[in-house]
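The values are calculated or read from the model by the stated rules, or taken from the named source; none is laboratory data. All values derive from a computational prediction rather than experimental measurement. Ideal geometry is used to build each Cβ from the backbone, glycine not excepted, and the neighbour counts take in all protein chains shown. We work out accessible area using only protein heavy atoms, side chains counted, and drop any ligands, DNA or RNA first. Shrake-Rupley method; radii C 1.70, N 1.55, O 1.52, S 1.80 Å.
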Amino acid sequence: MLAVEPADLAKLPATPGVYLFMDTRGRLLYIGRASNLRSRIRSYWNVGLDRPGLRGMVRRVRRILAGPCVSEHEAALLERTLLERLDPPFNRTTGFETVVGVRLSSTPPGIAAVVGLAPRVDRVFGPYLGWAPTYAAASALMRLFPVHFCRPPGELDSIERDLARIRGVGEHDLDDLSQRAANVLDRDRSAVIDAVDRVRREREHASELCLYERASELQRQIDGILWITQRQDVMRLGDSGDRWIVDESRIDAVVEAIG
């Protein structure tokens, strides 16, 4: 954790991270996250700050703690955990963003965003913060890698059989499609780039046809893929497979810096 005073904001890194505001007695006032720590924290001292409650808080800030993160997603997960643990008085948090996983299942085949965890059932990737971007990403992966069609013809209804035929997908493609989806979820760079490019081409085609709602949904799917494929080391799936585990050393480092 980097500690600076309000007069030294230029020393802050221009990286994603979390930040904590402390008063003259060393009491925690506020926790936030940023894609760019230097820019975001400077904004609190901007004359255009339009939230009266925050202006009053900023006048009390004497020390700022900044914790750089490897991605904006990691900063979001770390901020969420710190808010739960420390409950600073100036945060207006009435609820926390949902921690979500993506389940890649084989019986029946499917790709889905999930909140509940079942131990040792299928393969779960994550955690990811936020239901909406995770659901959008899972929807995109389900369309790009239609594992749900990889079943014996007798298990598909007539519409599914027609769609499987049009897509050229059969039960023999399950392993290949599952692996390609897993490559994206494992943040393989070339797999992520390819998936985003495919959805981007769909979005551009929808725009050309003036299907603007469809284009907007596809943009949300692109954003979702880019969100869940950001690296984060704050939380992981526990060995039991039924809960998310927080890296307590990250929390301990923040608490120690607060003093």
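What the table shows:
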quantity	calculated
Top-ranked residue in the range 94-120 [being among the β-branched types (Val, Ile, Thr) and open to solvent by 70 Å² or more (accessible area, probe 1.4 Å); ranked as farthest from Ile225 (Cα to Cα)]	Thr94
Matching residues in the range 134-173 - criterion: being among the hydrophobic types (A, V, I, L, M, F, W, C), in contact with a strand residue (DSSP E or B) (Cβ under 9 Å, 6 or more places away or on another chain) and closer than 24 Å to Gly116 by Cβ	Ala136, Ala137, Ala138, Leu141, Met142, Phe145, Val147
Tally of residues being over 23 Å from Gly241 (Cα atoms), hydrophobic (A, V, I, L, M, F, W, C) and in contact with a helix residue (DSSP H, G or I) (Cβ under 7 Å, 6 or more places away or on another chain) across the range 111-163	8
Leading residue by the ranking (most open to solvent (accessible area, probe 1.4 Å)) among those in the range 65-91 that are over 21 Å from the mean Cα position of the chain (by Cα) and modelled with pLDDT under 95	Asp87
Count of the range 177-222 residues which are without any contact (Cβ under 8 Å) to a residue 24 or more places away in the chain, within 30 Å of Gly154 (Cα to Cα) and open to solvent by 80 Å² or more (accessible area, probe 1.4 Å)	1
Some residue of the range 146-162 being β-branched (Val, Ile, Thr) and surrounded by fewer than 19 Cβ atoms within 10 Å (Cβ to Cβ)	yes
Residue within the range 237-252 that is assigned to a helix (DSSP H, G or I), closer than 30 Å to Thr15 by Cβ and open to solvent by less than 40 Å² (accessible area, probe 1.4 Å) present	yes
The range 108-136 - residue that is over 19 Å from Val234 (Cβ atoms) and touching a Gly at 6+ places or on another chain (Cβ under 7 Å) and, of those, modelled with the lowest pLDDT	Arg120
Inter-residue pairs, beta-carbon under 6 Å, first closer than 16 Å to Gly110 by Cβ and in the range 122-140, second aromatic (Phe, Trp, Tyr), 6+ apart	Thr134/Tyr128
Selection status of Gln230, open to solvent by 30 Å² or more (accessible area, probe 1.4 Å), within 18 Å of Val102 (Cβ to Cβ) and either in contact (Cβ under 8 Å) with a residue 40 or more places away in the chain or in a strand (DSSP E or B) (or both)	yes
One residue from Arg25, Arg40, Arg55, Arg62 being of a type in the set (D, E, K, R) and within 26 Å of Ala132 (Cα to Cα)	Arg40
